[in-house]
Amino acid sequence: MPRKKHSAEQIISMLRQAEVEQSKGRSVEEVCRELQITPHTYYRWRKEYGGLKLDQAKRLKELEKENSQLKRVVADLSLDNRILKDLARGNS
């Protein structure tokens, strides 16, 4: 089965819907079946997005994306630095 990529807005909406359904007495498994997600996904989303508002979730995703880009830049610069040190050591 192909994986679905849900946006932060969709995830928060699903979590709110799940909370409403659970307050009506439905089990997590029933709610997850209706939302077409696994209970594991529900609990993972709740851990990551629980209590966040929509704008906070968007900001979180932006920061995660920026963080991964910065990590890539640092890795590239570290590699370049290592290569330059090795070259300088070989020339002396």
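The values are calculated or read from the model by the stated rules, or taken from the named source; none is laboratory data. Please read all numbers here as calculations on a predicted model, not as lab measurements. All Cβ positions, even for glycine, are placed from backbone atoms using ideal geometry, and neighbour counts span all protein chains on display.
Before moving on, here are some points about what is shown:
- Any hit, segment 41-63, residues being in contact (Cβ under 8 Å) with a residue 40 or more places away in the chain and touching an Asp or Glu at 6+ places or on another chain (Cβ under 7 Å): yes
- Between L70, L87, L63, the distinction of being modelled with pLDDT of 95 or more and either in contact with a strand residue (DSSP E or B) (Cβ under 8 Å, 6 or more places away or on another chain) or of a type outside the set (S, T, N, Q) (or both) belongs to L70 only.
- Filtered residue count, segment 43-56, keeping only those that are assigned to a loop (DSSP other than H, G, I, E, B) and surrounded by 14 or more Cβ atoms within 10 Å (Cβ to Cβ): 1
- Among residues of segment 19-39, those that are outside any helix (DSSP H, G or I) and either touching a helix residue (DSSP H, G or I) at 6+ places or on another chain (Cβ under 9 Å) or surrounded by 11 or more Cβ atoms within 10 Å (Cβ to Cβ) (or both), counted: 4
- The numbered conditions (1) part of a helix (DSSP H, G or I); (2) surrounded by 13 or more Cβ atoms within 10 Å (Cβ to Cβ); (3) of a type outside the set (F, W, Y) are all true for L87 except (2).
- Residue among R16, R82, R59 that is under 13 Å from the mean Cα position of the chain (by Cα), surrounded by 10 or more Cβ atoms within 10 Å (Cβ to Cβ) and part of a helix (DSSP H, G or I): R59
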